[in-house]
Every structure is written in C-alpha cells, then in structure tokens.
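One structure is given below, encoded as structure tokens.
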Amino acid sequence: MDQAEALWYSIAFGAAYALYKFLSFISCFCTSMYNAPDASVYDPNKKLKVLVWNIQFAGSTRLHFFFDGGKAVHVPRATVEATLQEIADTIAAADPDVVLLQEVDRFSARTCRIDQLHELRRRLPKLSCYATSWYWHVPYVPYPSHEHLGKTTMHVSILSKYQLESATRTALPLLDEPWYVQLFNVRRCVLDATLRTTSGPAVHLLNTHLSAFSKGDGTLEKQVAVCIKLLRQLDETAPSCGGPSSWLLAGDFNALPPGQRKLLSESTKKNYPEPTSPLTPLFESPHMQSSIPLPTLVGKNAAEWFTCKDYGQPGPSRTIDHCFCSSDWSSVKGSVIQTPTWPSDHLPLLVELEPRKAL
C-alpha cells in the first residue's frame, strides 16, 4: 500500500468513526409527532384498546429473506403495496384506539422507497395522530454481499385516535460487535409517547423492538434492564394532578416467556439459547402485569398464543411479542389476532385495558 492509499484509508476510517459517534449522539433527538386538529382527547375512565404488531417492513411472507437463510433482499413495489393494504385491513377490522408498530420502513431502498407510515395513515384515517422514531437509519448498507440493502430507514411508530402530548426516544444497548459493524446495524430504542387525557396524568405508551440474533451475548438482558429502569421512573413519578402515570410497554421482544422454551422444537430452541428468559424480570415484577398471563403462555394450549413463524411454515412456533402494563389497570385482556394471509411473519396482539377507578 503506497502513501496515497494509506492516507485515503485513514480518511475513510476517520469519517466512518465520526459518523458512528454522530449517530450515537443524535439518536436521542430523532422523534417526530403529529396531532390532527380534530382529534379527541382520551377519557381515562374509558377502556383503551391497543394493537401491537411487527409488520416486517411490509415485505410479506412470500419471500425468503437473507436474514432468515434465503436470498431475497428487495421487495417488488406491487408486493409492498398489497401487503400494506392487508396490514391496514387487519388493523381497521380490529378498530383499536392506539397501534404500536415495529419495522416500519420509511423511504428504504429494499421497499421501493415507500413511506410506509404515510401509507398506513392514509389507509387508516381514524388513527390521525402519530409519533415515530427511527432505529435503523443508514445511508447505504453494504450487505448482503450478493445484493446490498442500500439506503435503509426503519421506525417504531405509534398511531392513535387520540391526541398525543409528547414523544421521547431512549437508546438501548447495542449488540456486542465491533463499532464498524454497529455503524451499519440496527440501533434499538424505546419510543415513549404520552397520551393526553381529559383528567389526571397522561398515559405512557412505550413501543420497542429488542435485538434479534443476540446469540445469548447478554444484550437482551441489558436492554430489558433499561426498559425496567424507564418503568420504575414512571412508577416513582407522582404528577401534581395526582398519582403515577398509567403505562404499557409493548412490542417485539425477540425473547420467549419464562418456561416456554422447553415446549418448543429443537430447531426453534437453538435461536433462543438463554437458559433463563431475559424477560423473567418483567414477568416476575409485582409492579406490572402481562396482557397474557404467564401460565397461559406456557400451558397445554401455549401454541394458541404463539406470535411468530418461520419462512415456509404453516403457522407460528413461539411467542416473542408481548405487552406489559402498569398495575393500576383494573383488568388487562390480551389476544392474538389470526391473519390467514400472513402479511407479516408476526401476528398482532390486541390488548384491552380497563381503568381501575375514575380519575
């Protein structure tokens, strides 16, 4: 390598490292929020219906993607648009008050640079308010080797019938990998959007998508610890209008409920090597409740509550999508919505929350 080449590599390396540090710094500020002028305010004495769904970037389950052992990288426009319509139809049929979505592509090359948040809002006019934050935002992703992803921007997004008050992003620990790999990889986060109420404190809606492919390296445990810290801060806060805020934390946790691993096939188990579920602190905490009780998730009918399937399989094989709620809700009822056409490799959760008392 001559001096000119060495100088070029040094400049490129320095620029990449500077970009890495810059992304780490600005990630806390990358949220946006919008309230429709005619949107109503949530009455905290009424039931709240929430839908939670990893929509798999509207890529459909008809393609075998490279991260699942296939070759597909980019999705034809017609497939993206048809999948977005299937997703919107499923959401509209459930008629939720709030929707927490993961893997929402916005202007990504792999999905024809379609703004999926805009397209879903256009198809779901009742959900006229939103908050959103990126957790993968790279100008050019140079993998896989046979066909690069290119420009990639993926969000966690919240759609709501009711007005939102604020939105904040909390960065989560990254996978244990070199910084130059992290530069092109997903940067997980928690999006906390507050639901404005007619009386009393706001309701916090925390949307997250924890790390996949962590291989038991401890990343999931660290990410769960950050989530628990956020929830404790909410529980310890006593707003001047009276009492701690109600909250829910939901999304794709990429982790099994405690005790479910032993029920699964050997091929499924190998993707979840942790001897103890990283979600154990959430399920065992006396300060929160799971929308689907743990005994149900690990009982004889556990398969009825599976939420995620592998390519080519007829149905789901495990539960990795969850919703945890503060203990001040009088009742929390969760269900898994069956989607016969499988527009995503995940099934949506529908959670109905009843307030404990009038505020």
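Considering only residues in region 152-192 that are of a type in the set (K, R) and closer than 20 Å to R110 by Cβ, the one that is surrounded by the most Cβ atoms within 10 Å (Cβ to Cβ) turns out to be R188.
Screening region 153-237 for strands (runs of 3 or more DSSP E) wholly inside it with 3 or more residues that are more than 19 Å from the chain's Cα centre (by Cα) returns no ranges. Among the residues of region 262-273, just one is under 21 Å from T208 (Cβ atoms) and either at pLDDT 95 or above or among the basic types (K, R) (or both), namely Y272. From the list G216, G200, the lone residue that is touching a residue at least 24 places away in the same chain (Cβ under 8 Å), surrounded by fewer than 17 Cβ atoms within 10 Å (Cβ to Cβ) and closer than 28 Å to P293 by Cβ is G216. The single condition among (1) closer than 21 Å to K333 by Cα; (2) crowded, with 19+ Cβ neighbours inside 10 Å; (3) acidic (D, E) that E221 does not satisfy is (1). Take the conditions (1) surrounded by 13 or more Cβ atoms within 10 Å (Cβ to Cβ); (2) within 18 Å of T132 (Cα to Cα); (3) at pLDDT below 95; I26 misses just one of them, which is (1). When we screen A250, A358 for residues that are at pLDDT below 95 and under 27 Å from V98 (Cβ atoms), the only hit is A358.
Looking across region 68-99, just one residue is hydroxyl-bearing (S, T, Y) and either surrounded by fewer than 20 Cβ atoms within 10 Å (Cβ to Cβ) or farther than 13 Å from W342 by Cα (or both), and that is T79. Residues in region 285-317 that are in contact with a Pro (Cβ under 7 Å, 6 or more places away or on another chain) and more than 27 Å from L48 (Cα to Cα): 1 in all.
The values are calculated or read from the model by the stated rules, or taken from the named source; none is laboratory data. Since this is a predicted model, take the numbers as computed values, not measurements. All Cβ positions, glycine included, derive from the backbone under ideal geometry; neighbour counts span all protein chains shown.
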